[in-house]
Amino acid sequence: MTAPVQPTAHLVSVGTCLPGEPVDNATLAKLVGVDETWAEMFIGNTSRYFAVDLATGQVRHTLADIAATAADRALTAAGMEPYDIDGIVMGTATPDQLMPATVNLVADRLGVDNVPTYQLQSGCAGAVQALDVARTLLLAGRCRTVLVIGGDVCAKHLETDFDPGTRTSAELVNYVLFGDGAGAAVLSAEPAGAGIAVRQVLNRLVGLGREPGQVIDWFGLGDRHSDRTAVSEDYKAIEEAVPALARQMFWELIQDVGWAADDIGFLLPPQLSGRMSDRISDAMPAPDARRVNVVRHVGNNGNALPFLQLAELLREWAGPGRAVAVAVESSKWIKSGVALERS
């Protein structure tokens, strides 16, 4: 008797959107007073994209704007129309509003209605969590095609009205590190487009008893005059924990699907900063795997990064093989990963 075919989720296409023109370190130095050489040596990012005009504080693009653009590009690449979508899942740490959910604003712009939508509030791991939910919907037979979106507009949490000479290095690092962007992917129960099977998606909360490595605060009318900082990080904790968590997830993922490290042709490591991502890449297993790093040129735009890596992967991946993507969220410590296979 022929064994039944096991259901599989397939990555059909990817679309991305980076707002405006790239802002290099020289331009950033003039806008916020950061030292250009320090930015390159300490962070390692050479450019980033902002949805906010740092010179004026004017918001030029919302998260819904760039997420809808990325989603439209993913649909176009898949050769699909909005009515082909059975569900939408979005991961973000910086929604435009608390309500309505940004995912529903994006659906409205795309012309999608009468489908299930989900928005996950999470940092860099949110994109992988969104892929996990989408894959679950497909494997359960509840949807045939799911649009997955990830994106963040971090610049709106950065103060623009200040004297460039009054900020400490700890405050200025956020302007160098972060950026804005969005990405989207079409997942289907049928092999199509890129023809890449999503073999497994894992997400693990590993923050029990550990202090957050990153905090992005939300200020309402009652506490808008608080002296709390909007964005803060424990860089020492992040530098110590992320490489180890990334390696753990790599081994968990390939063991779960029965692969060996030598089977991996492409590795998509966690994207924190140019310098940190290079360090993580060097310490990861599968030394012969091609590393796909993008953060140095696009900035840390949170939930957009895994999609920007996937877009680069699709440009480079020509034949059969296997790829592993790993993301680590330092806010309350989440390790996540995706196993991909091309026949």
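The values are calculated or read from the model by the stated rules, or taken from the named source; none is laboratory data. Note that the coordinates shown come from a computational prediction; the quantities given were computed from them, not determined experimentally. All Cβ positions, glycine included, derive from the backbone under ideal geometry; neighbour counts span all protein chains shown.
Structure above, values below:
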{"quantity": "Out of 278, 282, 223, sole residue that is part of a loop (DSSP other than H, G, I, E, B) and out of contact with any helix residue (DSSP H, G or I) (no Cβ under 6 Å at 6 or more places or on another chain)", "calculated": "223"}
{"quantity": "Where a residue in region 271-293 is of a type in the set (S, T, N, Q) and its partner, wherever it lies, is in a strand (DSSP E or B), with Cβ under 9 Å and at least six apart", "calculated": "271/300; 271/327; 273/300; 277/291; 281/267; 281/291; 293/268"}
{"quantity": "The lone exception for residue 89 - which of (1) free of Cβ contacts under 8 Å to residues at least 40 places away in the same chain; (2) β-branched (Val, Ile, Thr); (3) more than 18 Å from residue 65 (Cβ to Cβ) it fails", "calculated": "(1)"}
{"quantity": "Leading residue by the ranking (surrounded by the fewest Cβ atoms within 10 Å (Cβ to Cβ)) among those in region 84-99 that are of a type outside the set (A, V, I, L, M) and at pLDDT 95 or above", "calculated": "84"}
{"quantity": "Only one of 321, 209 that is on the phi > 0 side of the Ramachandran plot and at pLDDT 95 or above", "calculated": "321"}
{"quantity": "One residue from 35, 24, 65 being more than 30 Å from residue 236 (Cβ to Cβ) and of a type in the set (Asp, Glu)", "calculated": "65"}
{"quantity": "Any hit, region 216-239, residues being among the small types (Gly, Ala, Ser), in contact with a His (Cβ under 6 Å, 6 or more places away or on another chain) and at pLDDT 90 or above", "calculated": "no"}
{"quantity": "Test: residue in region 90-98 that is under 17 Å from residue 153 (Cβ atoms) and over 18 Å from the mean Cα position of the chain (by Cα)", "calculated": "yes"}
{"quantity": "Region 25-45 residues that are modelled with pLDDT of 85 or more, paired with ones that are among the hydroxyl-bearing types (Ser, Thr, Tyr) and part of a helix (DSSP H, G or I) (beta carbon under 7 Å, 6 or more apart)", "calculated": "28/175"}
